[in-house]
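Read-outs throughout are calculated quantities, based only on the coordinates presented, and are distinct from any laboratory measurement. No experiment lies behind these values; they were computed from the predicted model shown. We place every Cβ from the backbone using ideal geometry, glycine too, and count neighbours over all the protein chains shown.
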Amino acid sequence: MTAPAALRTADPQGARAARARPAKRPTKRSTPLRTIAWHGLMVLICVVSIYPLLWMARSSVVPENEIFSSPSVIPSGIDLSNYPAGWVANPPGFGQFMLNSFVICVGAVLGNLIACTLAAYAFARLRFPLKGLWFTVMLGTMMLPGHVTLIPQYALFSAIDWVGTYLPLIVPKFLATDAFFIFLLVQFMRGIPRELDEAAEIDGAGRWRTFRSVMLPLTVPALATTAVFTFIWTYEDFLGPLIYLSDLNAYPVPLGLRMFVNAMGNSSYGQLFAMSLLSLLPVFVTFLLFQRKLIQGIATTGLKG
């Protein structure tokens, strides 16, 4: 008997397995042309996305008569006079507008962190009658446009003499009215093992102690996400302050920027773009400071049921 025949006779199953095993296909390597095209497309998308910001930065450092003369983002010269002029153009000054925005944002952030966290803990961990119904109702409010409740809310705040103050912009946050953040925190808390609650209960901790010592430290990424988004959305809100505030000294940044545009055509676009660029700095700084927690909170929230 020959050697190959002897091997087939000695190990017939191995021979059949070798014949049945599919041949490995050579892996395709992306061609340089495809890689260049892909990177070129990404660069083009980035340029299109940041072009308005670059054009606004260019328009803030050129004279008024050159702003709309060219779509270029490269200024012919540097003129920084729009910044000090815009800072003091509209009394009480742009610094006061930014301070007012920070007051409103701090109150809104604290309200959402306190109220939404407590409501989320109740839905995620506690048992109470009609829990599922109330959670469904809470989710239903996310689908309700804010303009639907605008007139009833204004009538309510007008009846209790809150119109003209910051209270309509801050107090509702302490009543857990932002269902989106409640849902976000509920989903995050559901991913925390219940064994930690049981261990704390064995050690004699009550509900409040468990919430404060166990849940809150583990929910920091979701809390950071809630704080950042609340700050950005409140800082950029134009409709709420426009409806409830009438005193120029109480205007936030969005209403302060609106004062640079005159309905009669006498608009200071150079100063407007300069102050618009400055108004973006708090948003950029907030995102950079909490970027890691923000990404962690988004990545670990909403995928666990």
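Under a point spin-label approximation (7 Å from Cα along Cα-to-Cβ), what is the His39-Leu54 distance to one decimal in nm?
Calculated label separation equals 1.8 nm.
Going by how many other beta carbons lie within 10 Å of each one, how would you line up Ile170, Ile104, Ile50, Ile192, fewest first?
Lowest to highest Cβ neighbour count: Ile50, Ile192, Ile170, Ile104.
If you fit an axis through the alpha-carbon atoms of helix 94-125 and take the longest principal axis of the Cα set of the chain, what angle between them do you get, 0 to 90°, nearest 10?
The angle comes out near 40 degrees.
What spacing in nm lies between the two simple spin-label points modelled at Ile114 and Val88, each 7 Å away from Cα in the Cβ direction?
According to this spin-label approximation, the distance is 3.9 nm.
Which residue fluctuates the most in the chain, going by a Gaussian network model with Cα springs under 10 Å, if the choices are Phe284, Phe273, Phe229?
Of Phe284, Phe273, Phe229, the most mobile in the Gaussian network model is Phe284.
Applying the Karplus parametrisation 6.51 cos²θ - 1.76 cosθ + 1.60 with θ = phi - 60° to the phi angles of the range 70-78, what ³J(HN,Hα) value in whole Hz is obtained for each residue in order, glycine and proline being reported as x?
Result, rounded to whole Hz: 8, x, 5, 9, 9, x, 6, x, 10.
Quick check: pseudo-label points 7 Å beyond the Cα along Cα→Cβ at Asp79 and Phe238, how many nm apart are they?
Calculated label separation equals 2.7 nm.
What ratio of Cα Rg to 2.2 N^0.38 Å holds for the range 87-205?
My calculation over the Cα atoms of the range 87-205 gives 1.40.
Taking the convex hull of the Cα atoms, report for the range 31-79 its projected area averaged over all directions, in nm².
Reported value for the Cα convex hull: 4.0 nm².
Would you please put 155-167, 249-261 in order of how densely packed they are, using the mean number of other Cβ atoms within 10 angstrom per residue and starting with the highest?
Result, highest mean first: 249-261, 155-167.
Nearest 500 deg cm²/dmol is fine: what mean residue ellipticity at 222 nm does the chain get from its DSSP H runs of n ≥ 4 alone, each adding -39,500 (n - 2.57), divided by its residue count?
Theoretical 222 nm ellipticity from helices: -19500 deg cm²/dmol.
What is the calculated FRET efficiency for Phe284 to Arg212, with r their C-beta to C-beta distance and R₀ = 45 Å, to the nearest 0.05?
Approximately 0.85, to the nearest 0.05.
Compute the acute angle (0 to 90°) between the alpha-carbon long axis of helix 150-159 and the principal axis of greatest extent of the alpha-carbon atoms of the chain; round to the nearest 10°.
50 degrees
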